[in-house]
Amino acid sequence: MDVASFIVQALNGLAAASSLFLVAAGLSLIFGVSRIVNFAHGSFFMLGVYVAYSLVSHLAPNVSGVLAVLLGDGAAATTAYFVMLLMAALITGALGAAVEVLVLRRIYQAPELFQLLATFALVLVIQDGVLWLWGAEDLLGPRAPGLSGAMDVMGRRLPTYDVFLIVIGPVVLALLWALLQRTRFGVLVRAATQDREMVGALGINPRHLFTAVFALGCALAGLGGALQLPREPAHLGLDMATIGDAFVVVVVGGMGSIPGAFVAALLIAEVKALCIALGTVEFFGVSFAFSKLTLVAEFLVMAVVLMVRPWGLMGKPLSDARAPVVTHHHAELPAAQRRVAWLVVAAVAVALPWLSSETPYVLVLAVDVLVAALFAASLHFIMGPAGMHSFGHAAYLGLGAYAAALLVLQAGVSPEVALIAAPLITALIAMPLAWFAVRLSGVYLAMLTLAFAQIVWSICFQWDSFTGGSNGLTGVWPSAWLQDKTHYYALTLTCVTLGVWALRRLMASPLGYALRASRDSVARAHAIGLNVARLQWVGFVIAATWAGLAGALLAFSKGSISPDVLGVSKSVDALIMVLLGGVESAVGPLVGALTFTVLQDSLARSTDYWRAVMGGVMLLLVLVFPQGIAGGLHQLWSRWTSRTQAGAEPAAHTPRPTSSGGSR
């Protein structure tokens, strides 16, 4: 590639960095003040694109006609166009404020993971809302009047609109700097970023501040989306595609740092542009396609930054929040009732093939539920006892599935042996990844696991000759004796039962208690001689092994495997199952897996807008059962038994009147 092409690619990278910076700056502001990891931020970016499309297509011609009297046709069209883009940002900000008041304000005191679950529910609701309003077709907006041409750069053509975007980024950065450094609002925002509880103690109403910051963050996301309208069509995949990049920029730049977000956006956009510019390069006779790295470049950068500087390039270590102490308890029934409940569940599970003989699909769904239960239980093992949050647990599910498929298809191993070997291979791959992951905590740990998962996904997606690329692998069937649905259900039930039982035994073992001690207080765990990093590493590898077993069972049940099983959405599914069921309960992930899988399956077959319904149900559960379904049911059971005992005790101790008028 010549110098001119290289420079044009670098300028394209700068243009892409501007939109990325806008959406990341909003996300960073919201996290800095409210400590909410807003998974729905990409949805507001998508809303910005759609709202801008409607305004520019339907309202801009009328506004342009009015302005033409004063400005002339050309200037009026340009002015109307960009006024509509600004209006799209303001509308998006207003929608963000409404969401904050109606939903998020009610869960600020909830654990961070429940806030994450609520924002993911918003993703589902907003996505189906957009589908209902604008339809499923991609919508390409008109080019910006006056900026639709191209300029010459060393003999190459560079779109004029890209030059405009290159200028917008620094301008917005300067305006944000002035807002945060030169105004009272900015002082309050910076104070809340440092110590939000102290801001409330000084007489500032934090609710109004949180609403204003959330609206500003959403408006920035909406502006970033609106400015992208001339460059790419509006489509329903923009939300998830954007939120991943925004998370990476915020983490690389430093949580809560606006200049850090700007630097990180430039860095990541330029790294991507460099990969495209390099194309395919030969090293010692081996061709290496750098252009394929664009799918994973930002996650490689994030992984490196987190391992070297965990708080980002320009961020600071997060201060210890004055959060209320969370008491972790096991939401369990009394032993007798628990045994009865398990016996009933076991009896139904064993009898299911006979109970569902008229509806074979029930067994297919039951296998899906069992695989999801083992997958969720493996994630719960590190989230519950160990207190480690993983956003990339699907990597181990996918590794187990691919290992089983490759052993059968490439190595000619029998499916039975592959089922045993796949979890072990997953454990071997997880060992070095866990070594890096356990050196971080909180949001940074979650982001590093997400980065590792995306790297694994990218390898599977692009290694066509080995993993089948985007098409995946097909023909991954179990042995003939297991191809009967009832037999495969029995195998899955056995494996999952043994796997869940083993995880429960581990939680009740010295390892489980040591993990809880490490979760509750790292300093005290060190003081009593526990090696926290080693304990967490062991816990991480065990969880990966069980997820690998779930992946192998999944591959044989479907007969094929694709990179989707490694995707972010699959990791989010596991998080939802654990949180829905209750992270403080050992049966929580099982209840969550059953609820989530059955709900998703039944809704998807009933309505085109199943995501909105599911998102609404998830929001309802978060608001009504903040401890998850299992935790909520346990609370209801405890209240009922307490009232029953309280009513029985006075009756038992009520003195009976005697014939002499006394009592005995």
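The values are calculated or read from the model by the stated rules, or taken from the named source; none is laboratory data. This one's a predicted model, so the numbers in the text were calculated from it and none came from an experiment. Glycine gets a Cβ as well: all are built from the backbone with ideal geometry, and neighbour counts include every protein chain shown. We work out accessible area using only protein heavy atoms, side chains counted, and drop any ligands, DNA or RNA first. Shrake-Rupley method; radii C 1.70, N 1.55, O 1.52, S 1.80 Å.
Among 466-472, 604-610, 423-429, sorting by the average number of other beta carbon atoms lying within 10 angstrom of each residue, highest first, gives 423-429, 466-472, 604-610. In percent, rounded to a whole number, the relative contact order of the chain is 18, using alpha-carbon pairs under 8 Å and six or more apart.
Lys and Arg at +1, Asp and Glu at -1: add these up for the other residues within a Cβ distance under 13 Å of I455 and post the number. Charge balance near I455 sits at 0. Its residues counted as N, region 171-306 yields a C-alpha radius of gyration over 2.2 N^0.38 Å of 1.33. Among the listed options [x] 27.5, 116; [y] 28.0, 106; [z] 24.7, 98, the one matching Rg and Dmax of the Cα atoms in Å as calculated from these coordinates is [x]. Across all directions, the average flat footprint of the convex hull enclosing the Cα atoms of region 413-538 is 10.2 nm². Region 438-460 and region 61-111 have Cα centres spaced 36 Å apart.
Mind checking the angle between helix 610-624 and the chain's longest principal axis? C-alpha axes, 0 to 90 degrees, to the nearest 10. Compared with the principal axis, the helix lies near 60 degrees. In this structure, the amide hydrogen of V153, modeled 1.01 Å from its nitrogen in the peptide plane, lies closer than 5 angstrom to those of L158, counting only residues at least 5 positions away or on a different chain.
Remark: the chain carries a charge dipole of roughly 2060 debye about the Cα centre, counting +1 on each Lys and Arg Cβ and -1 on each Asp and Glu Cβ. In order along region 411-419, the Karplus-derived 3J(HN,Hα) couplings, from 6.51 cos²θ - 1.76 cosθ + 1.60 at θ = phi - 60°, round to 9, x, 7, 5, x, 5, 5, 4, 5 Hz, and Gly and Pro are given as x.
Residues whose amide H lies under 5 Å from that of S560, counting only those 5 or more places away or on a different chain, are V476; hydrogens are built 1.01 Å from N in the peptide plane.
Taken one residue at a time, the phi angles of region 405-410 give Karplus couplings (6.51, -1.76, 1.60, θ = phi - 60°) of 5, 5, 4, 6, 7, 9 Hz. Gly and Pro are set to x. Taking 0.36 nm per residue of sequence separation and removing the Cα-Cα distance, the A508/D464 pair yields an extension gain of 11.5 nm.
When nucleic acids and ligands are ignored and a 1.4 Å probe is applied, L450 ends up with an accessible area of around 10 Å². Short to long, the 5 Å bins of the Cα pair-distance histogram for region 161-237 hold 3, 13, 19, 19, 15, 11, 10, 7, 3, 1 percent of all pairs. In this simple spin-label model, placing a label point 7 Å from the Cα along the Cα-to-Cβ direction at both V340 and V598 gives a separation of 2.0 nm. For region 1-136, averaging the sequence separation of C-alpha pairs within contact (under 8 Å, six or more residues apart) and dividing by the residue count gives a relative contact order of 28 percent.
One decimal place: the segment L409-V308 gains 32.4 nm when fully extended, by the rule 0.36 nm per residue minus the C-alpha distance.
When the surface is traced with a 1.4 Å probe over the full set of protein chains, R504 keeps roughly 70 Å² accessible.
Note: region 98-236, Cα convex hull, 165 Å³ per residue. Across region 140-157, coupling constants 3J(HN,Hα) worked out from phi with the 6.51/-1.76/1.60 Karplus curve, θ = phi - 60°, read 9, x, x, 5, 6, x, x, 10, 8, x, 9, 10, 8, 10, 6, x, 10, 9 Hz, and Gly and Pro carry x.
The residues of the chain present an accessible area of 45 Å² per residue when probed at 1.4 Å with all protein chains retained. Element breakdown for the chain at a 1.4 angstrom probe: carbon and sulfur atoms account for 67% of the accessible area.
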